[in-house]
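Trainee: Handing you a structure now.
The values are calculated or read from the model by the stated rules, or taken from the named source; none is laboratory data. Quick caveat, the model's predicted, so the values are computed rather than measured. All Cβ positions, even for glycine, are placed from backbone atoms using ideal geometry, and neighbour counts span all protein chains on display. Calculation scope for accessible area: heavy atoms of the full protein, side chains included, ligands and nucleic acids excluded. Shrake-Rupley method; radii C 1.70, N 1.55, O 1.52, S 1.80 Å.
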Amino acid sequence: MTKAEIVARINEKTGIEKTYALTMVESIMEIIKERLVNGESVYLRHFGTFGVITRRQKLGRNISKGTSVVIPEHKIPRFKPSKTFINMIKQDK
């Protein structure tokens with residue numbers, strides 16, 4: 001599903017104009033990104049938690065050259081679904 005499809009579904013379900021729905025969707029995404037960049041997490045009840053985790057430094061391999069490469073410690077975004085959300089998916093609903 002794309003952002004445009006989400007906006008269209010919001011329009012269908014609520015009757016809100018697509019331009020307003022697009023603004024709201026983009027604002028929500030921007031707020032989540034800002035919080036993650038600042039090292040904070042975002043918790044949405046019955047949906048899940050957006051957060052940032054730190055991957056430790058590790059040794060990787062460049063297969064084409066046959067050499068070892070050090071992959072430095074870095075941060076990545078993470079989403080952890082709530083138990084309610086997980087149970088909905090397990091029930092195929």
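Trainee: Run down Arg9, Arg78 and say which single residue is part of a strand (DSSP E or B) and surrounded by 10 or more Cβ atoms within 10 Å (Cβ to Cβ). Walk me through it before giving the result.
Mentor: Values: Arg9 fails: part of a strand (DSSP E or B).
Of the residues listed, the single one that is part of a strand (DSSP E or B) and surrounded by 10 or more Cβ atoms within 10 Å (Cβ to Cβ) is Arg78.
Trainee: Sort out which residues of the stretch 36-64 are more than 12 Å from the chain's Cα centre (by Cα), open to solvent by 100 Å² or more (accessible area, probe 1.4 Å) and of a type outside the set (Gly, Ala, Ser), and write them in order of number.
Mentor: Hits for the stretch 36-64 are Val37, Asn38, Arg45, His46, Arg55, Arg56, Gln57, Lys58, Leu59, Arg61, Ile63.
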